[in-house]
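The values are calculated or read from the model by the stated rules, or taken from the named source; none is laboratory data. Because the structure is a prediction, the values reported are computed rather than measured. As a convention, Cβ positions derive from the backbone with ideal geometry for all residues, glycine included, and neighbour counts pool all protein chains shown.
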Amino acid sequence: MDKEQEKQESEKDVLIVTDNQTGERGVVAGMNSKGNPMKLPIRKEYSQDFLRFDKNGNALDNFFSNFVRQCKEPTRFGFTMVTEGLLERLFAGDEKAKEEIDNKKINPADRLNKNKKTMEQNPSNNENAAQQQDSNKHQYQPIDETKVDWAYIQQKWGVTRDQLEQSGDLSKMLNYGKSNLLTVHPTFEGGETLETAARLSFKKNEDGSVSLVPHLIRKEANLEQEYKGHTFTEEDKSALKNYGNMGRVVNLTDANGKPVPSIISIDRQTNEITDLPVRRLRIPEKIGITPLTPQEQDLLRAGLPLKNKEIELANGRKFTATLQANVEEKGVEFVPRGPRQRNEQKQDGNQQGENQGQAQDADGDGTQKQRRPQWTDENGNIKPIGKWKGVEFTDQQKRDYLEGKTIKLDGVPDKQGVPSTMYLKFSPEKGRPLTYTNDPDKAVTQTPASESQTQVAVNSEGKTNEQTKGVKEPLKQGQTAPKDTKQQEEQDAAVKQDKPEKKKSKGMKM
């Protein structure tokens, strides 16, 4: 075997993935919590973080197996398998290398089926695959579910595997992510049980076992104490409280006492302080179909916010957003509006008049306690939802919502629990759905009064209606006047109190 052949044999393969929906292309660097491939730009400076596969190993099959099992849209992605040498030729500007790469497409399902048949015909290949296990440890490997002690987790935390699988949280946790907020029932010594909410994740231990890590809700993040060797400045605290991201890279001390350049965020569901090494941060070349310049990528990699970025998605939707690196996303997020911005917006909204309806800044339950930026996927596309405050959507309403249209909902409870009619529409500017008392798509001068406008204004917004200001019960849907004798008496008493009797004139004094 000559030197050239030896070199080819020693080379490893890399995967190029194409998002067929956005056209975005990059080299696979791992898999995110949703089962989607994580991409890095096809540039030489990123090559050290490319995911590499041994030609004689089974890591590629493991990757494809997890991808097919966990990804909700596997046909959305196309793969091309190339050698390191071919990629080096591409970096050097070899035009033929580009043509060769385009001819090396691979279908994950076909490869898995082919290898399955080979294993059945040659059982000895299982031993060869086992021998490669140690050499593949440095490559991406999801958490081994067989190492999870489900009986103990159910006994200790009151959570079952079926619950996590049905909610979609299991795949996130097996890929080093967190579940959404769940109700858990931890059991303490003596058999005492407590009900609380927490996010859950898995942790790989040194002995190979897997532990469940609960992330309980905190009243607020403790920014007064030192965090992994870092003391928060006043600017750090303000940024974390207002936007959830600290906005700069700092050195954090790892378990071995070494400094690690990292970004810091606050988990918006639990108020837990979280961090991520910058080397694990994935900054894309595009958001939707909007390219990011090298300068913008460097800005995001430094943790700084990229403000007022005009974004266009594959479906043609355009909006302006602030982008920033976030620990939870392990990449870039659309930053939710901070408290200051929400207050400014509220003041602006009050000056625009009441005819446009009052937008509810809520997450589906009328509260503003927690920010849950999960209304869009990683490409900014609207995520489907099936109901709002307990009101189920029709199939047509589900389609209209995904297309950014306004949908009309009947029976939505107001703050007093009385059913009302509201309008729901996704706001690209805010990155979440908003509710209105009037149809927001109609012009102000043409918008008719909603059948629930008076009810919502009085019950939910604390406003006063002259015809019902004396009524002590919450107004019903469509109600604009007293409904019975009792309410009419209450209304008459209130009107009489506001208009005291005038003193009778005794005539003119001479």
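From 188, 232, which residue is hydrophobic (A, V, I, L, M, F, W, C) and either in the same structural domain as residue 171 (by TED's automatic domain parsing) or touching a Pro at 6+ places or on another chain (Cβ under 7 Å) (or both)?
188
Can you tell which of 217, 263 is closer than 30 Å to residue 28 by Cα and among the β-branched types (Val, Ile, Thr)?
That would be 263, the only listed residue that is closer than 30 Å to residue 28 by Cα and among the β-branched types (Val, Ile, Thr).
Kindly indicate whether residue 69 is at pLDDT 80 or above and over 30 Å from residue 187 (Cα atoms).
When the stated conditions are applied, residue 69 does not pass them.
Residue 333 - would you say it is within 19 Å of the chain's Cα centre (by Cα) and not aliphatic (A, V, I, L, M)? Walk me through it before giving the result.
Values: within 19 Å of the chain's Cα centre (by Cα): yes; not aliphatic (A, V, I, L, M): yes.
For residue 333, the condition - within 19 Å of the chain's Cα centre (by Cα) and not aliphatic (A, V, I, L, M) - is met.
Quick check on residue 162: is it part of a helix (DSSP H, G or I), over 20 Å from residue 65 (Cα atoms), outside the structural domain of residue 35 (by TED's automatic domain parsing) and of a type outside the set (S, T, N, Q)?
The answer is yes for residue 162.
Report every pair of residues separated by at least 6 positions or lying on different chains whose Cβ atoms are under 7 Å apart, first residue within region 251-264 and assigned by TED's automatic domain parsing to the domain that holds residue 278, second in a loop (DSSP other than H, G, I, E, B) and of a type in the set (Gly, Ala, Ser).
If the second residue must be in a loop (DSSP other than H, G, I, E, B) and of a type in the set (Gly, Ala, Ser), the pairs left are 252/229; 253/229; 263/303.
Could you please find all residues in region 168-203 being loosely packed, with under 13 Cβ neighbours inside 10 Å and closer than 30 Å to residue 68 by Cα?
183, 203
What about residue 401, is it aromatic (Phe, Trp, Tyr) and either assigned to a helix (DSSP H, G or I) or modelled with pLDDT under 80 (or both)?
Criteria met by residue 401.
Okay, residues lined up against (1) without any contact (Cβ under 8 Å) to a residue 12 or more places away in the chain; (2) assigned by TED's automatic domain parsing to the domain that holds residue 282; (3) not in a strand (DSSP E or B):
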position: 18; (1), (2), (3): no, no, no
position: 21; (1), (2), (3): no, no, yes
position: 81; (1), (2), (3): no, no, no
position: 98; (1), (2), (3): yes, no, yes
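Evaluate the following for residue 195: is it within 22 Å of the chain's Cα centre (by Cα) and modelled with pLDDT of 85 or more?
No: the conditions fail for residue 195.
What is the number of the single condition among (1) closer than 15 Å to residue 11 by Cα; (2) modelled with pLDDT under 85; (3) surrounded by 15 or more Cβ atoms within 10 Å (Cβ to Cβ) that residue 63 does not meet?
It is condition (1) that residue 63 fails.
Scan region 80-100 for residues that are farther than 16 Å from residue 11 by Cα and among the charged types (D, E, K, R) and jot them down.
Within region 80-100, 94, 95, 96, 98, 99, 100 meet the criteria.
Determine if region 409-429 includes at least one residue that is modelled with pLDDT of 80 or more and surrounded by fewer than 13 Cβ atoms within 10 Å (Cβ to Cβ).
Yes, some residue in region 409-429 is modelled with pLDDT of 80 or more and surrounded by fewer than 13 Cβ atoms within 10 Å (Cβ to Cβ).
Considering region 7-34 alone, what residues qualify as being small (Gly, Ala, Ser) and either at pLDDT 75 or above or more than 22 Å from the chain's Cα centre (by Cα) (or both)?
10, 23, 26, 29, 30
For residue 249, indicate whether it is surrounded by 17 or more Cβ atoms within 10 Å (Cβ to Cβ) and touching a strand residue (DSSP E or B) at 6+ places or on another chain (Cβ under 6 Å).
yes
Given the options 296, 310, name the one that is part of a helix (DSSP H, G or I) and more than 18 Å from the chain's Cα centre (by Cα).
When all the criteria are applied, what remains is 296.
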